[in-house]
Amino acid sequence: MPKFEKSGLCLDYELRKSEKAKNARIDVGVGVVRVVIPEKSVLDPERFLDENLDWILSKKREYDKHLDRLPERVFEDGETIPFLGKNREIRIIDGNSHELKQKYILIAKRYIGEKSIKDKVRDLLKKEAKREIKEQVKQFSKKIEGNYNKIFIRNQKTKWGSCSSRDNLSFNWRICLGPKKVLDYVVAHELTHLKHRKHDRQFWEELERIYPDYREGYEWLKKRSHELVYSKEEYLNRK
Ligand SMILES: [Zn+2]
(Lines give C-alpha, C1' and ligand atoms only; values in the text may rest on other atoms or scores of the structure.)
Protein backbone atom coordinates (compact mmCIF):
# COMPACT_ATOMS: atom_id res chain seq x y z
CA MET A 1 0.00 0.00 0.00
CA PRO A 2 1.49 3.38 -0.94
CA LYS A 3 2.15 5.95 1.77
CA PHE A 4 1.60 9.65 1.64
CA GLU A 5 3.94 11.60 3.90
CA LYS A 6 3.91 15.23 4.86
CA SER A 7 5.36 17.03 7.85
CA GLY A 8 5.26 14.07 10.22
CA LEU A 9 1.95 12.80 8.95
CA CYS A 10 1.91 9.35 7.36
CA LEU A 11 -1.15 8.16 5.53
CA ASP A 12 -1.60 4.71 3.94
CA TYR A 13 -3.79 4.82 0.89
CA GLU A 14 -5.01 2.60 -1.92
CA LEU A 15 -4.64 3.69 -5.49
CA ARG A 16 -7.09 2.50 -8.07
CA LYS A 17 -7.29 3.21 -11.79
CA SER A 18 -10.85 3.04 -13.00
CA GLU A 19 -12.31 2.80 -16.50
CA LYS A 20 -15.68 3.99 -15.24
CA ALA A 21 -14.63 7.00 -13.21
CA LYS A 22 -15.04 10.29 -15.06
CA ASN A 23 -13.31 12.35 -12.43
CA ALA A 24 -10.69 11.57 -9.86
CA ARG A 25 -12.04 11.12 -6.35
CA ILE A 26 -11.03 10.13 -2.88
CA ASP A 27 -13.08 7.64 -0.88
CA VAL A 28 -12.59 7.65 2.85
CA GLY A 29 -14.13 4.68 4.62
CA VAL A 30 -13.67 2.78 7.85
CA GLY A 31 -9.93 2.11 7.97
CA VAL A 32 -9.27 3.02 4.34
CA VAL A 33 -8.39 5.99 2.14
CA ARG A 34 -8.68 5.23 -1.56
CA VAL A 35 -7.73 7.44 -4.49
CA VAL A 36 -9.68 6.58 -7.63
CA ILE A 37 -8.31 7.97 -10.87
CA PRO A 38 -9.77 7.64 -14.39
CA GLU A 39 -7.82 5.11 -16.48
CA LYS A 40 -6.13 7.63 -18.77
CA SER A 41 -5.60 10.43 -16.29
CA VAL A 42 -2.08 11.61 -15.55
CA LEU A 43 -3.06 13.11 -12.21
CA ASP A 44 -0.49 12.81 -9.47
CA PRO A 45 -2.27 11.03 -6.59
CA GLU A 46 0.00 12.51 -3.93
CA ARG A 47 -0.73 16.00 -5.06
CA PHE A 48 -4.44 15.22 -5.19
CA LEU A 49 -4.26 13.90 -1.61
CA ASP A 50 -2.38 16.98 -0.52
CA GLU A 51 -5.01 19.28 -1.98
CA ASN A 52 -7.76 17.46 -0.10
CA LEU A 53 -5.88 16.76 3.08
CA ASP A 54 -8.06 18.74 5.50
CA TRP A 55 -11.20 17.05 4.28
CA ILE A 56 -9.57 13.59 4.40
CA LEU A 57 -8.33 14.10 7.94
CA SER A 58 -11.66 15.30 9.26
CA LYS A 59 -13.41 12.33 7.61
CA LYS A 60 -10.82 10.00 9.02
CA ARG A 61 -11.32 11.40 12.53
CA GLU A 62 -15.04 10.72 12.22
CA TYR A 63 -14.37 7.10 11.25
CA ASP A 64 -11.80 6.60 13.98
CA LYS A 65 -14.36 7.78 16.50
CA HIS A 66 -16.83 5.31 15.03
CA LEU A 67 -14.24 2.51 15.26
CA ASP A 68 -13.61 3.25 18.93
CA ARG A 69 -17.26 2.75 19.66
CA LEU A 70 -17.55 -0.68 18.04
CA PRO A 71 -18.07 -3.52 20.51
CA GLU A 72 -15.02 -5.60 21.40
CA ARG A 73 -16.53 -9.02 21.73
CA VAL A 74 -14.67 -12.08 22.87
CA PHE A 75 -16.07 -15.42 21.82
CA GLU A 76 -15.12 -17.69 24.67
CA ASP A 77 -16.71 -19.69 27.44
CA GLY A 78 -18.07 -17.26 30.05
CA GLU A 79 -18.22 -14.19 27.79
CA THR A 80 -21.57 -12.53 27.11
CA ILE A 81 -23.28 -11.50 23.89
CA PRO A 82 -26.53 -9.50 23.84
CA PHE A 83 -29.54 -10.91 22.06
CA LEU A 84 -32.91 -9.14 22.08
CA GLY A 85 -31.97 -6.99 25.02
CA LYS A 86 -30.56 -9.71 27.26
CA ASN A 87 -26.92 -10.51 27.82
CA ARG A 88 -26.40 -14.22 27.27
CA GLU A 89 -23.38 -16.01 28.54
CA ILE A 90 -21.55 -18.40 26.24
CA ARG A 91 -21.31 -21.83 27.86
CA ILE A 92 -19.40 -24.65 26.26
CA ILE A 93 -21.25 -27.84 27.18
CA ASP A 94 -21.00 -31.61 26.71
CA GLY A 95 -24.37 -32.03 24.97
CA ASN A 96 -25.22 -32.76 21.37
CA SER A 97 -26.76 -29.52 20.23
CA HIS A 98 -26.46 -25.78 20.47
CA GLU A 99 -29.19 -23.84 22.21
CA LEU A 100 -30.18 -20.29 23.03
CA LYS A 101 -31.56 -19.86 26.55
CA GLN A 102 -32.80 -16.83 28.50
CA LYS A 103 -29.37 -16.36 30.06
CA TYR A 104 -27.10 -18.63 28.08
CA ILE A 105 -25.83 -19.50 24.67
CA LEU A 106 -25.09 -23.20 24.92
CA ILE A 107 -22.52 -24.51 22.47
CA ALA A 108 -21.76 -28.24 22.25
CA LYS A 109 -18.06 -28.83 22.73
CA ARG A 110 -17.94 -31.79 20.37
CA TYR A 111 -18.64 -29.61 17.33
CA ILE A 112 -16.02 -27.01 18.06
CA GLY A 113 -12.99 -27.55 15.94
CA GLU A 114 -14.62 -27.80 12.55
CA LYS A 115 -15.74 -24.22 13.19
CA SER A 116 -14.72 -21.67 15.82
CA ILE A 117 -16.89 -20.75 18.82
CA LYS A 118 -17.43 -17.41 17.12
CA ASP A 119 -18.87 -19.10 14.03
CA LYS A 120 -20.98 -21.48 16.09
CA VAL A 121 -22.46 -18.67 18.17
CA ARG A 122 -23.17 -16.66 15.02
CA ASP A 123 -24.90 -19.60 13.34
CA LEU A 124 -27.09 -20.15 16.37
CA LEU A 125 -27.98 -16.47 16.87
CA LYS A 126 -28.71 -16.06 13.18
CA LYS A 127 -31.05 -19.04 13.23
CA GLU A 128 -32.84 -17.68 16.31
CA ALA A 129 -32.97 -14.21 14.75
CA LYS A 130 -34.64 -15.67 11.67
CA ARG A 131 -37.30 -17.32 13.84
CA GLU A 132 -37.91 -14.12 15.84
CA ILE A 133 -38.07 -11.92 12.76
CA LYS A 134 -40.54 -14.24 11.03
CA GLU A 135 -42.69 -14.30 14.15
CA GLN A 136 -42.75 -10.50 14.37
CA VAL A 137 -43.57 -10.22 10.67
CA LYS A 138 -46.52 -12.53 11.29
CA GLN A 139 -47.70 -10.39 14.24
CA PHE A 140 -47.42 -7.03 12.51
CA SER A 141 -48.77 -8.22 9.18
CA LYS A 142 -52.10 -8.89 10.89
CA LYS A 143 -52.38 -5.15 11.43
CA ILE A 144 -51.60 -4.09 7.91
CA GLU A 145 -53.56 -4.77 4.76
CA GLY A 146 -50.84 -5.83 2.41
CA ASN A 147 -49.25 -9.11 1.53
CA TYR A 148 -45.59 -9.78 1.45
CA ASN A 149 -43.99 -12.28 -0.83
CA LYS A 150 -40.82 -13.78 0.65
CA ILE A 151 -38.66 -13.06 3.67
CA PHE A 152 -34.89 -13.00 3.36
CA ILE A 153 -32.45 -12.86 6.25
CA ARG A 154 -29.20 -11.15 5.38
CA ASN A 155 -26.05 -9.70 6.90
CA GLN A 156 -25.45 -6.36 5.23
CA LYS A 157 -22.98 -3.96 6.69
CA THR A 158 -25.31 -1.09 7.54
CA LYS A 159 -28.73 -1.91 6.11
CA TRP A 160 -31.28 -3.19 8.62
CA GLY A 161 -34.23 -3.99 6.42
CA SER A 162 -35.80 -3.45 3.03
CA CYS A 163 -38.98 -4.04 1.10
CA SER A 164 -38.58 -4.64 -2.63
CA SER A 165 -40.94 -3.58 -5.39
CA ARG A 166 -41.96 -7.26 -5.59
CA ASP A 167 -42.91 -7.14 -1.91
CA ASN A 168 -40.04 -9.26 -0.72
CA LEU A 169 -38.90 -8.34 2.76
CA SER A 170 -35.26 -8.49 3.78
CA PHE A 171 -33.90 -8.18 7.28
CA ASN A 172 -30.44 -8.05 8.72
CA TRP A 173 -30.19 -10.75 11.40
CA ARG A 174 -28.05 -8.43 13.55
CA ILE A 175 -31.08 -6.29 14.46
CA CYS A 176 -31.57 -9.00 17.11
CA LEU A 177 -28.30 -8.00 18.80
CA GLY A 178 -30.21 -4.91 19.95
CA PRO A 179 -33.25 -4.71 22.20
CA LYS A 180 -36.63 -6.09 21.15
CA LYS A 181 -37.92 -2.61 20.29
CA VAL A 182 -35.36 -2.39 17.49
CA LEU A 183 -36.57 -5.64 15.96
CA ASP A 184 -40.18 -4.44 16.28
CA TYR A 185 -39.41 -1.08 14.72
CA VAL A 186 -37.52 -2.48 11.73
CA VAL A 187 -40.17 -5.13 11.05
CA ALA A 188 -43.06 -2.66 11.36
CA HIS A 189 -41.17 -0.17 9.19
CA GLU A 190 -40.65 -2.61 6.31
CA LEU A 191 -44.21 -3.92 6.48
CA THR A 192 -45.49 -0.37 6.26
CA HIS A 193 -43.65 -0.09 2.95
CA LEU A 194 -46.09 -2.62 1.49
CA LYS A 195 -48.62 0.21 1.57
CA HIS A 196 -46.45 3.31 1.31
CA ARG A 197 -43.22 3.02 -0.68
CA LYS A 198 -41.79 6.39 0.25
CA HIS A 199 -41.07 7.88 3.63
CA ASP A 200 -43.84 10.45 3.28
CA ARG A 201 -46.31 11.65 5.88
CA GLN A 202 -48.74 8.80 5.17
CA PHE A 203 -45.94 6.31 5.71
CA TRP A 204 -45.12 7.56 9.21
CA GLU A 205 -48.81 7.82 10.12
CA GLU A 206 -49.43 4.25 9.05
CA LEU A 207 -46.33 3.05 10.92
CA GLU A 208 -47.57 4.78 14.05
CA ARG A 209 -50.96 3.17 13.63
CA ILE A 210 -49.56 -0.37 13.51
CA TYR A 211 -46.79 0.31 16.04
CA PRO A 212 -47.42 3.38 18.23
CA ASP A 213 -44.07 3.06 20.09
CA TYR A 214 -41.95 2.97 16.96
CA ARG A 215 -39.94 6.05 17.96
CA GLU A 216 -38.09 4.19 20.71
CA GLY A 217 -36.55 1.69 18.31
CA TYR A 218 -35.96 4.40 15.74
CA GLU A 219 -34.02 6.54 18.23
CA TRP A 220 -32.03 3.59 19.50
CA LEU A 221 -30.90 2.76 15.97
CA LYS A 222 -29.96 6.35 15.29
CA LYS A 223 -27.73 6.55 18.34
CA ARG A 224 -26.51 3.03 18.97
CA SER A 225 -26.50 1.04 15.74
CA HIS A 226 -22.74 0.51 16.15
CA GLU A 227 -23.68 -1.97 18.89
CA LEU A 228 -25.20 -4.22 16.25
CA VAL A 229 -21.76 -5.14 14.94
CA TYR A 230 -21.21 -8.83 15.67
CA SER A 231 -17.46 -8.80 15.37
CA LYS A 232 -15.17 -5.86 14.79
CA GLU A 233 -12.76 -7.83 12.58
CA GLU A 234 -15.55 -9.00 10.32
CA TYR A 235 -16.96 -5.52 10.06
CA LEU A 236 -13.63 -4.03 9.06
CA ASN A 237 -12.75 -6.71 6.54
CA ARG A 238 -15.89 -6.30 4.51
CA LYS A 239 -16.02 -3.88 1.63
ZN1 LIG B 1 -38.01 2.68 4.78
From the P(r) of the range 126-237, could you give the percentage of C-alpha pairs in the tail past 22 Å? 27
Could you look at the chain and say what percent of its accessible area is carbon and sulfur, using a 1.4 Å probe and all protein chains? 45
Length added when fully stretched, Lys115-Lys22, from 0.36 nm per residue minus Cα-Cα: 29.0 nm
Here the convex hull volume per residue of the chain, taken over Cα atoms and given in Å³, is 181
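Placing +1 at every Lys and Arg Cβ and -1 at every Asp and Glu Cβ, with all other atoms neutral, what dipole size does the chain have around its Cα centre, in debye to the nearest 20? Intermediate values should be presented prior to the final figure.
Numbers: 55 positive and 41 negative charges, 152 e Å.
So the dipole magnitude of the chain works out to roughly 720 debye.
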Antiparallel DSSP bridges in the range 89-239: what percent, to the nearest 5? 35
Semi-axes of the equivalent ellipsoid of the range 181-239: what are they in whole Å, largest first, if each equals the square root of 5 times a C-alpha gyration tensor eigenvalue? 27, 13, 9
Given Cα pairs under 8 Å that are at least 6 residues apart, what percent is the relative contact order of the chain? 14
Apply the Karplus curve 6.51 cos²θ - 1.76 cosθ + 1.60, θ = phi - 60°, to the phi angles in the range 41-48 and return the couplings in whole Hz, x for Gly and Pro. 5, 10, 4, 7, x, 5, 5, 4
Per residue value of the accessible surface for the chain (all protein chains in place, 1.4 Å probe), Å²: 60
Can you give the percent of C-alpha pairs in the range 42-159 whose distance is more than 20 Å? 63
Cβ-based charge dipole, the range 75-175, positive-most Cα from Phe83, Ser165, Phe152: Ser165
In debye to the nearest 20, the charge dipole size for the range 126-237, taken about the Cα centre with +1 at each Lys and Arg Cβ and -1 at each Asp and Glu Cβ, equals 300
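The values are calculated or read from the model by the stated rules, or taken from the named source; none is laboratory data. Please read these numbers as outputs of a predicted model, since none were measured by experiment. Cβ atoms come from the backbone with ideal geometry, glycine included; neighbour counts cover every protein chain shown. Ligands, DNA and RNA are excluded from the accessible area calculation, which covers all protein heavy atoms including side chains. Shrake-Rupley method; radii C 1.70, N 1.55, O 1.52, S 1.80 Å.
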